[in-house]
Amino acid sequence: MSAPRLPPLPVIRDILKLYNLSAIKRLSQNFLLDQNITNKIVAKAGKISGAEVLEVGPGPGGLTQSILRQVPERLIVVEKDKRFKPTLEMLADSFGAINGKMDIMYDDILKTNMESLFSLEKKRNWNDKPPDIFVIGNLPFNLATHLIIKWLHAISEQRGLWAFGRTKMTLTFQKEVAERLVAQPLENQRCRLSVMAQTWTFPVLRFIIPGKAFVPKPDVDVGVVSFTPLVKPRTQHDFKFFEMITRHVFSFRQKYSVRCIETLFPKELRKDLGLMMYKLADLDPTLRPTQLTIEDINRLATAYKYLLEKHPELKLYNYRSSRHLLPLNDTKNVVVQDCAEM
Ligand code: SAM
């Protein structure tokens, strides 16, 4: 039996005119009016027919229309700007006409309680294939990086949308950010974001949307990236701890990575403990940050953890503060002795 067809939907450009909807810069509003492009984003998201879908920031509803045409079992949209109420309600009514269910939430996605959004029967075990739940969004640029880091953290703890299993996401980012998310070792764009995204998910840059496809046109092009959470993350370390190590690893991109790792320690101990970390991790200290694989960074994290266990006072050192709380001379003697014993 073929899927029910939606009644004809209005053209988004007409909707913008009819409701006098202009883009608000503060909310990073750049609308996609070309249905070929919005259809392509939805096609890359996976088989959404019969699934539950969350769309972040539907705005006037261009991408929403493409999602509805695939007839998901249920669509939930989360939009901060209430000006889109009439157009979103019209879409919900059209979908209702073919017995579809579209729920509209006027909320900040950063504050939305994700765990209560979906039906429990969609839940899958983490090791199973991903659940029939999809996240799709043409995200505001000013929110995209913040949101993906927040969601990677949730993935690492299998909470929120990821309490339902390995929920897939298909999201837009400004092109440079999209390229960073998928950059491999030795590539120019490799950075903390690449490592964090690839430690917990398999990110794929699907295609680039030229800036001119948006209204108003942003200064940059846009990349569509899909993320599938990994069954087995590439580290067993806690997200915040691993992120902190990765942040240090990329603190000076052009220098030997040991110089970056040294910043974990107070000045007086830096050289010794930096080298000790590389010895423990069995790594060449002259490797540059972009040459390190996730497994290398993971070994450095394990080495640091080992040092913290042996010398918990090292935890008190805060690289960014000018004052530190360590009884440095004592620590130096003990730690350097350890180093010599290795
Ligand atoms: N999806 C529409 C499209 O493709 O044309 C609009 C995309 S526009 C880049 C981003 C949308 O996200 C806007 O509608 C904006 O109001 C909404 N938005 C911005 N910040 C938000 C937040 N914190 N929570 C939910 N929606 C937000």
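Coordinate-derived values only; no laboratory data. All values reported here derive from a predicted model rather than from experimental measurement. As a convention, Cβ positions derive from the backbone with ideal geometry for all residues, glycine included, and neighbour counts pool all protein chains shown.
Quick notes on this structure:
- Candidates Lys44, Lys111, Lys123, ranked by Gaussian network fluctuation over the chain, Cα under 10 Å, top entry: Lys111
- Taking the number of Cβ atoms within 10 Å of each Cβ as an exposure proxy, the fewest-first ranking of His248, His153 is His153, His248.
- Between Glu268 and Glu309, the C-beta separation translates, for a Förster distance of 25 Å, into a calculated FRET efficiency of about 0.75.
- For the chain, the relative contact order works out to 13 percent when only alpha carbon pairs closer than 8 Å and six or more residues apart are counted.
- Rounded to the nearest 5, the antiparallel percentage of DSSP beta bridges internal to the chain is 45%.
- Think of it as helices only: each DSSP H run of n ≥ 4 in the chain is worth -39500 (n - 2.57), and spread over all residues that comes to -11500 deg cm²/dmol at 222 nm.
- Inter-label distance for Lys217 and Leu186, nm, one decimal - labels placed 7 Å from Cα along Cα-to-Cβ: 3.8
- Cα shape, segment 80-201, gyration tensor, a/c 1.5 rule: oblate
- Asp284-Lys25 FRET efficiency (beta carbon distance; Förster radius 41 Å; 0.05 resolution): 0.30
- Using a simple spin-label model with pseudo-atoms 7 Å out from Cα toward Cβ, Asn39 and Phe252 lie 5.4 nm apart.
- Extension gain, Ile149 back to Asn125 (0.36 nm per residue minus Cα-Cα distance, nm): 6.3 nm
- Residues Tyr317, Tyr278, arranged from fewest to most other Cβ atoms within 10 angstrom of their Cβ, appear as Tyr317, Tyr278.
- Per-selection Rg to Rh, segment 222-327 - Cα, Kirkwood hydrodynamic radius: 1.00
- Cα shape, segment 58-121, gyration tensor, a/c 1.5 rule: oblate
- Here Cys191, Cys260 are placed in order of increasing Cβ neighbour count within 10 Å, fewest first, which gives Cys191, Cys260.
- The mean sequence separation of alpha-carbon pairs under 8 Å and at least six residues apart, normalised by the residue count of segment 182-233, gives a relative contact order of 34 percent.
- By definition, a body whose alpha carbon gyration tensor gives a ≥ b ≥ c is oblate when a/c is 1.5 or more and a/b is not larger than b/c, and segment 150-266 fits this oblate description.
- Using θ = phi - 60° in the Karplus curve 6.51 cos²θ - 1.76 cosθ + 1.60, the 3J(HN,Hα) couplings for segment 227-237 round to 10, 10, x, 6, 4, 10, x, 8, 9, 9, 6 Hz; x is entered for Gly and Pro.
- Partners for Lys85 among aspartates and glutamates (Cα-Cα distance below 16 Å; same-chain residues under 8 apart left out): Asp14, Glu55, Asp93, Asp103, Asp107, Asp108
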